[in-house]
Amino acid sequence: ADVFTFDPGFTSTAACESAITFIDGDKGELWYRGYPIEQLADQSHFLEVCYLLLYGELPDKAMLEDFENRVTRHTMVHEQMHNFFRGFRRDAHPMATMVGVVGAMSAFYHDSTDINDEWQREVAAIRLIAKLPTIAAMAYKYSIGQPFVYPQNDLDYASNFLNMCFSVPAEKYKVDPALSKAMDRIFTLHADHEQNASTSTVRLAGSSGANPFACIAAGIACLWGPAHGGANQAALEMLKEIGTVDRIPEYIARAKDKSDPFKLMGFGHRVYKNFDPRAKVMKESADEVLDLLGIHNNPTLQVAKELEKIALEDDYFIEKKLYPNVDFYSGIILSAMGFPTSMFTPIFALSRTVGWIAQWKEMIGDPQTKIGRPRQLYVGPKRRDYVPVKSR
Ligand code: CMC
């Protein structure tokens, strides 16, 4: 009989070779194409990071301009897609809408679904990066009953997204450059994270030859779960549920109780066992945004700060190496900016799209790629003979 390695959760199996992102979980390091995340978050900006992830090197000025122009040209979605949005219930979760709409992109953009054509792969990548913010913003506008706001291509990527979410035709809205910078940083920090669950989903879907839009829709579906991208929504909702500082011990006790499935959302990571370098940058950004908006005594924020302090000092969390992750702080920023919790995971999805597509392209170009097909250890019944229903 065949013998297989048993590795539930893939804690010790490398499924591919990749030159895109490096993580050192013990040192708390994250690099995109060799560049530390802290430097990129500080000195670069999201579209440059997209270029880096997709093509492997930082662009020169002309290359960057050309790339930005290409992305900007594709920010609008097909007008008929508006009808598709209107088919959803208004109270649908924006992630539900996004899974559907992004999956449907292959029905609207056939001319970039041939995975064997390099040019079509390139166009699909650009279309996805360009249109995801528009789609996420439309999902939001639809959910609150406001008209869709078209992309405005004289704005940078992050400002354009904020404008599509927060401007209304009847009022003048101007994006605050500091908030736009914080938004851009959130995009950068989420852009890629090697073979996490949703990226592995994209690769697995792509390994069968499925088109890129279908693969990214699969990634979005996987990201939605609360153990993964859905943790940012879950973390803020947990902070709100805790409500006041005096109730924190009750929740800490629940997190430690093995018979209680409750986990402290926004804490822990499969790979980072020291600290999450994204969380460090995000925390600084959160402080800046809250200062800028003059938010100091918000109860949710007080709970967050106290919870972080207690968890970092508590033996259980120290022993299990549980630290606040990126999702713990991103929700605080997004909430301060005015996003409802249901938009947190869509924002993660639009940021991660570039990582998914870069990994997908890498996989398509890798001669070692085979269809992903895990095996199993069968633990079901031994062979037995069928018994007709009248004799059972
Ligand atoms: N609260 C309380 N206990 C926890 C937590 C937590 N957040 N996370 C892990 N543990 C415990 C867990 O019960 C286990 O205990 P024991 O050894 O006694 O069985 C131990 O720590 C190891 O945890 P694990 O579940 O085996 O670790 P994992 O690598 O399978 O899971 C994780 C990692 C991120 C899914 C998990 O820590 C978790 O569910 N955290 C909360 C959700 C979250 O914040 N997710 C976002 C991750 S970062 C962004 C992203 O990737 O999308």
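Quick note: the coordinates plus some simple rules give every number you see, no bench work behind them. What you are looking at is a predicted structure, and each value in this text was computed from that prediction instead of being measured. Because the Cβ atoms are built from the backbone with ideal geometry, glycine has one as well, and the counts that use them run over all protein chains shown.
So the values come out like this:
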read-out	value
Per-residue ³J(HN,Hα) for segment 47-56, Karplus 6.51 cos²θ - 1.76 cosθ + 1.60, θ = phi - 60°, Hz, x for Gly and Pro	5, 5, 5, 4, 4, 4, 5, 6, 10, x
Hz values of 3J(HN,Hα) by residue in segment 245-251 - Karplus curve (6.51, -1.76, 1.60), Gly and Pro given as x	3, 5, 8, 4, x, 4, 6
Distance cut-off 38 Å, percentage of C-alpha pairs in the chain lying past it	22
Cut-off 9 Å between beta-carbons: net charge of the residues surrounding residue 121, Lys and Arg +1, Asp and Glu -1	-3
Cα-Cα separations in segment 334-392 greater than 15 Å, expressed as whole percent	75
Zero-based 10 Å bins, Cα pair distances in segment 231-337, whole percents	15, 50, 30, 4, 0
Restricting segment 185-285 to chymotrypsin sites (Phe, Trp or Tyr not before Pro) in coil, as DSSP defines it, with at most 13 other Cβ within 10 Å	262
Segment 263-392 - Rg (one decimal) and Dmax (whole number), Cα, Å	23.0, 75
Estimated translational D of segment 1-79 in µm²/s (Stokes, Kirkwood radius over Cα pairs; 25 °C; 0.890 mPa s)	157
Rg in Å to one decimal, and Dmax rounded to a whole Å, for segment 88-210 via C-alpha atoms	16.1, 48
Taking the chain and dividing mean pair separation by its residue count, relative contact order in percent (alpha carbons under 8 Å, at least six apart)	23
Magnitude of the charge dipole, segment 178-315, Cβ model with Lys/Arg +1 and Asp/Glu -1, debye to 20	420
Amide hydrogen neighbours beyond the local backbone of residue 29, cut-off 5 Å, H modeled	24
Greater than 22 Å apart at Cα, pairs in 141/172; 174/283; 283/361; 141/174	174/283; 283/361
Built amide H within the under 5 Å cut-off of residue 267, gap 5+	325
Estimated vicinal HN-Hα couplings, Hz - segment 107-122 in sequence order (Karplus 6.51, -1.76, 1.60; Gly, Pro = x)	7, 9, 10, 4, 6, 9, 10, 7, 6, 8, 9, 4, 5, 5, 5, 5
Rounded Å value of the spacing that divides the Cα centres of segment 36-101 and segment 292-306	30
